[in-house]
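Colleague: My questions all concern the structure below.
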Amino acid sequence: MQQAGGSETQVTWEDQQNINKFGRLNNRLHELEDEIKIAKEANENFEDASNELILTDEEVVRFQIGEVFGHLAKDEVEARIEKMQETTAKHLEKLQDEKESVVAEMAELKKILYGKFKESINLEED
C-alpha cells in the first residue's frame with residue numbers, strides 16, 4: 001500500500017486479520033440491523049393483534065398456528081400473544097446488545113487500522 005508521502009506501508013498478517021475481522025463484523029452488523037427490523041415489525045404486529053383482541057366481543061376467536069387457524073378462547077389467545085410479545089422483546093434486546101458490541105469492536109478496529117494506514121484504507125460505507 002502507498003501512503004500519501006509515497007512511502008510504502010507493509011501489510012502484516014495481523015493487519016490482514018484485523019481487516020478481515022472488520023469485514024466480518026460489518027456483515028454481521030447488517031444482518032443484525034435486518035433482524036432488529038424484523039423483530040420490531042413482529043412486536044408491532046403482536047401489539048396490533050392484542051389491540052384488536054381487546055375490541056372484539058367474541059369469546060372464541062381464530063388464532064393462526066403455523067399455517068392453520070384454530071378456534072381458541074379469547075383469554076388463551078391473549079396469554080399467547082402476551083408471551084410472544086415478551087419473547088420477541090427479549091430477542092430484540094439481545095440483538096440490540098449484540099449490535100452495540102459489534103459497533104464498539106468495529107470502532108476499535110477502525111482506530112487501529114486508520115492509525116497504521118491513514119488515508120490508504122477506507123472503512124466507511126458510502
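The numbers here are math on the coordinates, done by the rules we state, and not lab data. Only a predicted model underlies this, so the values are computations on that prediction, with no experimental measurement involved.
Colleague: How many times 2.2 N^0.38 Å is the alpha carbon radius of gyration of the chain? Mind dumping the intermediate values first?
Modeller: Values: Rg = 24.0 Å, N = 126, 2.2 N^0.38 = 13.8 Å.
Dividing the Cα radius of gyration by 2.2 N^0.38 Å gives 1.73.
Colleague: Could you give each residue of the range 19-31 its phi-based ³J(HN,Hα) in whole Hz, using Karplus coefficients 6.51, -1.76, 1.60 with θ = phi - 60°, and x for Gly or Pro?
Modeller: 5, 5, 5, 4, x, 5, 5, 5, 4, 5, 4, 5, 4
Colleague: Residue by residue through the range 67-78, which ³J(HN,Hα) values in whole Hz follow from phi under the Karplus form 6.51 cos²θ - 1.76 cosθ + 1.60 (θ = phi - 60°), with glycine and proline marked x?
Modeller: Coupling constants for the range 67-78: 9, 10, 9, x, 8, 10, 5, 4, 5, 5, 5, 4 Hz.
Colleague: From the helices alone, meaning DSSP H stretches of at least four residues, give me the mean residue ellipticity at 222 nm for the chain, per-run term -39500 (n - 2.57), in deg cm²/dmol to the nearest 500.
Modeller: Values: 2 runs with 87 residues, N = 126.
After summing the helix terms and dividing by the residues of the chain, the value is -25500 deg cm²/dmol.
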